[in-house]
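Asker: Let me begin by handing over the structure; questions about it come next.
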Amino acid sequence: MDADLLNEILNCQNLPSLPAVAVKVLDMTADPDVKMPDLAAMIEKDQALSVKILRTVNSSFYGLRKRCASIDKALVLLGLGPVKTLVLGFSLVTCVGSEGDDGFDYASYWRRALETAVSAKAIARKLGFDCDDEAFVVGLLQDIGMVAMSRSMRERYHEVVRRAGEHEKLVRAEIDAFELQHADVGALLAESWHLPPELYVPVKFHEKPTACPTEHSHIARCVAFGNKIHAVLSADDPTEALRQAYRRGEQWFGLSESVVDEIIGEAGEAARELGGLFDLDTVGMGDPEEILARADRRMIEMSRAHEIESYAAREFAGGGEAGLDAMTGLLDARGFADALRAAFPDASRGVIELSVVQIALSGLSRAADVYGESVQDEVVLGAGVMLLKHFEPLGGIVARIAPGAFGVVLPRTARRQANDAAQAVCEQFGVHVGRWASDARGISELVHANAGVATVDAASMGVLKTPELLIEATNRALSAARGAGGGAVRAFVPKPRAA
């Protein structure tokens with residue numbers, strides 16, 4: 001690290017600094033015995049800040065049932081953490097600014113900050129981490145070192161940022177040019193503001209979260225994952241960024257791809273709303289549903305070209321074409337039967353539970369008549385991609401077993417877990433089908449998914465003694481689901497034996 005350059009940056013006269021009210025709030029909240037009326041009175045001394053906080057508290061971002069008219073009431077309804085978070089958030093916007101003629105790209109800076117912050121908060125809350133407020137602030141604060149380096153070095157730094165091109169390459173470019181990186185600078189600046197370690201330590205490690213000290217690692221990983229979500233929301237082609245988000249979501253938090261999709265949708269909407277409340281430029285922020293739709297359509301194109309192939313397809317087809325479906329690249333009916341036969345012996349001996357799910361798409365012929373044959377193919381390909389997202393994280397083996405039907409073999413998966421996954425698929429199918437066939441308005445009214453589930457476990461192994469009987473039970477469940485209407489799921493449950 002270049003210590004002389006670091007001192008030069010940190011001693012620069014025009015570095016951002018926190019407003020006095022934010023500093024005082026930090027001091028007061030460091031006292032565990034702080035009195036809420038005293039804290040409210042301090043915040044209300046800054047009338048503009050108070051108005052912004054109340055406007056945000058009363059927005060759909062927090063979703064309060066009753067309107068909040070005072071900072072004191074906000075502290076009661078939301079608690080200390082969220083209000084402190086808003087004080088710091090608005091203070092950061094004030095001290096950094098959102099525009100300027102100094103050559104720094106403030107619009108991109110704040111877009112990354114907002115999308116990361118709301119994503120980090122969302123993932124922390126979803127996983128039950130008690131650090132969602134801190135994750136939000138660190139998301140806003142993470143790149144403050146870039147601002148410091150920009151104001152100190154001006155064009156020298158801007159040239160390095162331009163040369164890096166993508167943020168993922170920026171740290172290497174900074175170290176090569178200056179023997180220094182923005183994460184270290186930002187952490188030191190945040191520490192000089194007397195921010196607590198749970199904020200400045202994750203700032204230091206937001207680019208390498210796996211190296212963060214254990215006591216702050218949840219925050220660092222939530223923020224780093226938020227950066228992956230930002231990459232999805234800001235990419236021209238979000239496909240590869242989405243793959244990376246799926247990979248990190250599973251590796252760091254055990255998240256399924258469908259849950260990652262939910263977080264992307266929530267974060268994109270929240271960032272746009274919060275950007276308006278923070279008086280920041282949100283013009284470049286895209287619609288998260290449209291972004292996910294673009295990624296889905298790209299994955300469908302890749303599936304059609306067999307660029308997406310499941311692990312199961314490689315294993316059971318032995319790398320050849322035997323047992324593979326020509327359209328989707330998934331296993332075909334023969335490959336499905338092979339996979340079931342391979343898993344069944346352990347289930348029949350009670351070593352594992354074994355579930356099978358069959359998914360049938362109804363209305364495909366009608367959709368082809370109305371919108372053309374190509375729409376039918378788009379729906380089938382999209383359904384195949386979605387099934388891989390939901391079932392492969394469970395160890396599932398997905399196959400296309402008929403023109404409008406899929407089968408999934410789920411070793412070591414209980415009935416309830418298989419049923420829940422099938423329910424999620426059928427519910428989300430109605431949303432996603434409009435993405436896959438974007439030119440076919442109203443297709444979600446024509447095409448539906450149903451699922452049947454059957455499981456070999458301690459309660460059923462005396463009845464479902466062969467793979468054929470297991471398939472028959474799944475077919476019966478699927479027939480019952482179809483009779484219940486589009487989107488329904490039914491599971492085969494054996495009748496209890498008579499005493």
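The values are calculated or read from the model by the stated rules, or taken from the named source; none is laboratory data. Bear in mind that the values here come from a model prediction, so they are computed numbers and not experimental data. Heads up, the Cβs are rebuilt from the backbone with ideal geometry, glycines too, and the neighbour counts pull from every protein chain shown.
Asker: Given the conditions (1) part of a loop (DSSP other than H, G, I, E, B); (2) within 24 Å of SER258 (Cβ to Cβ); (3) more than 28 Å from the chain's Cα centre (by Cα); (4) of a type in the set (Gly, Ala, Ser), which single one is not true for GLY329?
Answerer: Only one criterion is unmet by GLY329, namely (3).
Asker: Taking the condition of a type in the set (Gly, Ala, Ser), in a loop (DSSP other than H, G, I, E, B), under 30 Å from GLU155 (Cα atoms) and under 29 Å from the mean Cα position of the chain (by Cα), does SER91 pass? Give the derivation first.
Answerer: Details: of a type in the set (Gly, Ala, Ser): yes; in a loop (DSSP other than H, G, I, E, B): no; under 30 Å from GLU155 (Cα atoms): yes; under 29 Å from the mean Cα position of the chain (by Cα): yes.
Answer is no for this residue.
Asker: Can PHE104 be described as under 27 Å from the mean Cα position of the chain (by Cα) and of a type in the set (A, V, I, L, M, F, W, C)? Spell out how you get there, then give the answer.
Answerer: Working: under 27 Å from the mean Cα position of the chain (by Cα): no; of a type in the set (A, V, I, L, M, F, W, C): yes.
In short, no.
Asker: Please go through the stretch 427-472 and pick out each residue that is more than 30 Å from ALA343 (Cα to Cα) and assigned to a helix (DSSP H, G or I). Outline the logic, then answer.
Answerer: First, pick out the residues of the stretch 427-472 that are more than 30 Å from ALA343 (Cα to Cα): 430-447.
Of everything in the stretch 427-472, those that are more than 30 Å from ALA343 (Cα to Cα) and assigned to a helix (DSSP H, G or I) turn out to be GLY430, VAL431, HIS432, VAL433, GLY434, ARG435, TRP436, ILE443, SER444, GLU445.
Asker: Oh, and also: Anything in the stretch 203-220 that is closer than 28 Å to ARG156 by Cβ, without any contact (Cβ under 8 Å) to a residue 40 or more places away in the chain and not small (Gly, Ala, Ser)? List them, or say none. Can you show your working first?
Answerer: So in the stretch 203-220, the residues closer than 28 Å to ARG156 by Cβ come out as 203-208, 211.
Still in the list and also without any contact (Cβ under 8 Å) to a residue 40 or more places away in the chain: 204-205, 207-208, 211.
Once the filter is applied, which keeps residues that are closer than 28 Å to ARG156 by Cβ, without any contact (Cβ under 8 Å) to a residue 40 or more places away in the chain and not small (Gly, Ala, Ser), the stretch 203-220 yields LYS204, PHE205, GLU207, LYS208.
Asker: Same structure, new question: Could we say that TYR109 is in contact with a Ser or Thr (Cβ under 6 Å, 6 or more places away or on another chain), assigned to a helix (DSSP H, G or I) and either in the same structural domain as HIS218 (by TED's automatic domain parsing) or among the β-branched types (Val, Ile, Thr) (or both) here? Step through it out loud before you land on a result.
Answerer: Values: in contact with a Ser or Thr (Cβ under 6 Å, 6 or more places away or on another chain): no; assigned to a helix (DSSP H, G or I): yes; either in the same structural domain as HIS218 (by TED's automatic domain parsing) or among the β-branched types (Val, Ile, Thr) (or both): yes.
No, not satisfied.
Asker: List every residue pair whose Cβ atoms lie under 9 Å apart, where the two residues are 6 or more positions apart in sequence or sit on different chains, the first residue falls within the stretch 369-387 and is over 28 Å from ASP420 (Cβ atoms), and the second residue, located anywhere, is outside any helix (DSSP H, G or I) and of a type in the set (Asp, Glu).
Answerer: Qualifying pairs under 9 Å: TYR371/ASP439; VAL375/ASP439.
Asker: MET1 is checked against (1) assigned to a loop (DSSP other than H, G, I, E, B); (2) surrounded by 15 or more Cβ atoms within 10 Å (Cβ to Cβ) and fails just one. What number does that condition carry?
Answerer: Condition not satisfied by MET1: (2).
Asker: Further question: Name the residue that is surrounded by the most Cβ atoms within 10 Å (Cβ to Cβ), counting only residues in the stretch 183-202 that are aliphatic (A, V, I, L, M) and in contact (Cβ under 8 Å) with a residue 40 or more places away in the chain. Lay out the reasoning, then the answer.
Answerer: Keep residues of the stretch 183-202 that are aliphatic (A, V, I, L, M), which gives 183, 185, 187-190, 195, 199, 201.
Narrowing the set further to residues that are in contact (Cβ under 8 Å) with a residue 40 or more places away in the chain leaves 183, 185, 187-190, 195, 199.
On the way: ALA183: 23, VAL185: 28, ALA187: 24, LEU188: 17, LEU189: 23, ALA190: 25, LEU195: 22, LEU199: 21.
Top of the filtered list is VAL185.
Asker: Still on this structure, please answer the following. From ALA69, ALA48, grab the single residue that is among the aliphatic types (A, V, I, L, M), farther than 25 Å from GLY268 by Cβ and touching a helix residue (DSSP H, G or I) at 6+ places or on another chain (Cβ under 8 Å).
Answerer: On the way: ALA48 fails: touching a helix residue (DSSP H, G or I) at 6+ places or on another chain (Cβ under 8 Å).
ALA69 is the lone residue from the list that is among the aliphatic types (A, V, I, L, M), farther than 25 Å from GLY268 by Cβ and touching a helix residue (DSSP H, G or I) at 6+ places or on another chain (Cβ under 8 Å).
Asker: Restricting the search to the stretch 173-214, which residues are over 20 Å from ASN11 (Cα atoms), over 26 Å from the mean Cα position of the chain (by Cα) and part of a loop (DSSP other than H, G, I, E, B)?
Answerer: PRO196
Asker: Another question about this same structure. Would you check if there is a residue in the stretch 55-73 being touching a Gly at 6+ places or on another chain (Cβ under 9 Å) and either outside any loop (DSSP other than H, G, I, E, B) or buried (at least 16 other Cβ atoms within 10 Å of the Cβ) (or both)?
Answerer: Scanning the stretch 55-73, I find at least one residue that is touching a Gly at 6+ places or on another chain (Cβ under 9 Å) and either outside any loop (DSSP other than H, G, I, E, B) or buried (at least 16 other Cβ atoms within 10 Å of the Cβ) (or both), so the answer is yes.
Asker: Here are ARG151, ARG111, ARG125, ARG172: which of them is surrounded by fewer than 21 Cβ atoms within 10 Å (Cβ to Cβ) and in contact with a helix residue (DSSP H, G or I) (Cβ under 7 Å, 6 or more places away or on another chain)? Outline the logic, then answer.
Answerer: Numbers: ARG151 fails: in contact with a helix residue (DSSP H, G or I) (Cβ under 7 Å, 6 or more places away or on another chain); ARG111 fails: surrounded by fewer than 21 Cβ atoms within 10 Å (Cβ to Cβ); ARG172 fails: in contact with a helix residue (DSSP H, G or I) (Cβ under 7 Å, 6 or more places away or on another chain).
Matching residue, one of ARG151, ARG111, ARG125, ARG172: ARG125.
Asker: Within the bounds of the stretch 383-397, is there any residue that is part of a strand (DSSP E or B), of a type outside the set (Phe, Trp, Tyr), buried (at least 24 other Cβ atoms within 10 Å of the Cβ) and in contact with a strand residue (DSSP E or B) (Cβ under 8 Å, 6 or more places away or on another chain)?
Answerer: Of all residues in the stretch 383-397, those part of a strand (DSSP E or B) come to 397.
Those left that are additionally of a type outside the set (Phe, Trp, Tyr): 397.
Filter once more, keeping what is buried (at least 24 other Cβ atoms within 10 Å of the Cβ): 397.
Remaining after also requiring in contact with a strand residue (DSSP E or B) (Cβ under 8 Å, 6 or more places away or on another chain): 397.
Yes, because at least one residue in the stretch 383-397 is part of a strand (DSSP E or B), of a type outside the set (Phe, Trp, Tyr), buried (at least 24 other Cβ atoms within 10 Å of the Cβ) and in contact with a strand residue (DSSP E or B) (Cβ under 8 Å, 6 or more places away or on another chain).
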